[in-house]
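A.B. asks: Take a look at this one; I'll ask things after.
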Amino acid sequence: MKNIHPVTVLFLAAVPILAASATVFGALCMSLAVIGVMLCSLLLLALLRKLMPAEAKLPAALLTVAGFAA
């Protein structure tokens, strides 16, 4: 798993977008939350990428996004 496609991580992190929203305000709040989670997780992963072995990058990306989303 040397080459992790960034779209894979973005797709997995965008799963909350698929949640149904009853109002436009709710949809906007959900969108802002997803953008915030993505920015924070990608920033953290960018800072740690040289410290991780190639095999650990995908699990680290999944755990980071899940941690920020929780």
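A.B. asks: Report the residue count in segment 16-65 for those that are of a type in the set (S, T, N, Q), assigned to a helix (DSSP H, G or I) and modelled with pLDDT under 85.
C.D. replies: 1
A.B. asks: Additional query: For segment 31-70, which positions are among the basic types (Lys, Arg) and either farther than 15 Å from PRO6 by Cα or touching a Cys at 6+ places or on another chain (Cβ under 8 Å) (or both)?
C.D. replies: LYS50
The values are calculated or read from the model by the stated rules, or taken from the named source; none is laboratory data. Keep in mind it's a predicted model, so treat the numbers as computed, not measured. Virtual Cβ from ideal backbone geometry, glycine too; neighbours counted across all protein chains shown.
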